[in-house]
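Have a look at the structure below, then the notes.
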Amino acid sequence: MARAMRKKSKFREYVEVIVISVVLALIVRTYIVQAFRIPSGSMEDTLLVGDFLLVSKFIYRFTDPKPGDIIVFKYPQDLKRDFIKRCVAIEGQTVQIIDKVLYIDGKSVANPPQSKFVDPKTYASDLSTRDNLGPVKVPPGHLFMMGDNRDNSRDSRYWGFLDKRLIKGKAFILYWSWKRLPGDPELSKWEGAIFRALPRFVFSFFRVLVFDIVRSPWRIRWNRIGHLIH
């Protein structure tokens, strides 16, 4: 009898630890910090495909977004997708692009240090809003977002202003990075209830981690790990 009670007590301890861990993970992911993987080259060369970063989900509870912030948000045209871009203008500011040069309130803005242009062509505004746009004024409660890969980024030049209510957080640190190749195992998407999503995510994370460390250590970008994002 006593042995059965001890086994039951031990089982209860394990269950409590698991439940508490799941609850804490949910709280952390919902309110504090979230992991995010760079899926495309729209932020090159500031952020590269295969970069894994942490996103602060609480910082904008205490301060407003400002130009220069790199922000993760729900894509306005498909709320199931997350995008990451750089804020270049806030509400009340006027944005204009002339022959690929960005102007805010009539003054030219220096490009981010690791931004780039990959297409020598310049399109007129009647053909594309990529290289010539505006002037347009950012309305209240909105931001104007652009990718650092200026010629290869689907951003506010195409789909308009970002409603601040769609913001998920500010990117602040790279915690892992490796060069992805076709056929590599993928990190599981966080979908569904946490009891199903968490085990899938953890399993896929370690699967991807082991794959790259054991089979392809030369693909890990060691020099990027731990860098602050700005």
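The table below gives the values:
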item: Among residues of segment 84-102, those that are touching a residue at least 12 places away in the same chain (Cβ under 8 Å) and either part of a strand (DSSP E or B) or of a type in the set (A, V, I, L, M, F, W, C) (or both), counted; result: 13
item: Residue in segment 52-63 that is on the phi > 0 side of the Ramachandran plot, without any contact (Cβ under 8 Å) to a residue 60 or more places away in the chain and over 19 Å from the mean Cα position of the chain (by Cα) present; result: no
item: Restricting segment 156-188 to residues that are of a type in the set (A, V, I, L, M) and farther than 13 Å from Phe83 by Cα, the residue that is farthest from the chain's Cα centre (by Cα); result: Leu181
item: Filtered residue count, segment 105-149, keeping only those that are buried (at least 18 other Cβ atoms within 10 Å of the Cβ), closer than 13 Å to Cys87 by Cα and either outside the structural domain of Met43 (by TED's automatic domain parsing) or not aromatic (Phe, Trp, Tyr) (or both); result: 8
item: Single residue of segment 177-230 satisfying the filter (closer than 15 Å to Leu48 by Cβ and among the basic types (Lys, Arg)) that is modelled with the highest pLDDT; result: Arg224
item: Criterion: farther than 21 Å from Leu174 by Cβ and either β-branched (Val, Ile, Thr) or at pLDDT 85 or above (or both) - qualifying residue of Val15, Val55, Val33; result: Val15
item: Ser125, sole failed condition from (1) assigned to a loop (DSSP other than H, G, I, E, B); (2) in contact with a Lys or Arg (Cβ under 9 Å, 6 or more places away or on another chain); result: (2)
item: Test: residue in segment 130-145 that is over 15 Å from Ser42 (Cβ atoms), free of Cβ contacts under 8 Å to residues at least 12 places away in the same chain, part of a loop (DSSP other than H, G, I, E, B) and more than 17 Å from the chain's Cα centre (by Cα); result: no
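The values are calculated or read from the model by the stated rules, or taken from the named source; none is laboratory data. Model, not experiment: these values are computed from the prediction. Heads up, the Cβs are rebuilt from the backbone with ideal geometry, glycines too, and the neighbour counts pull from every protein chain shown.
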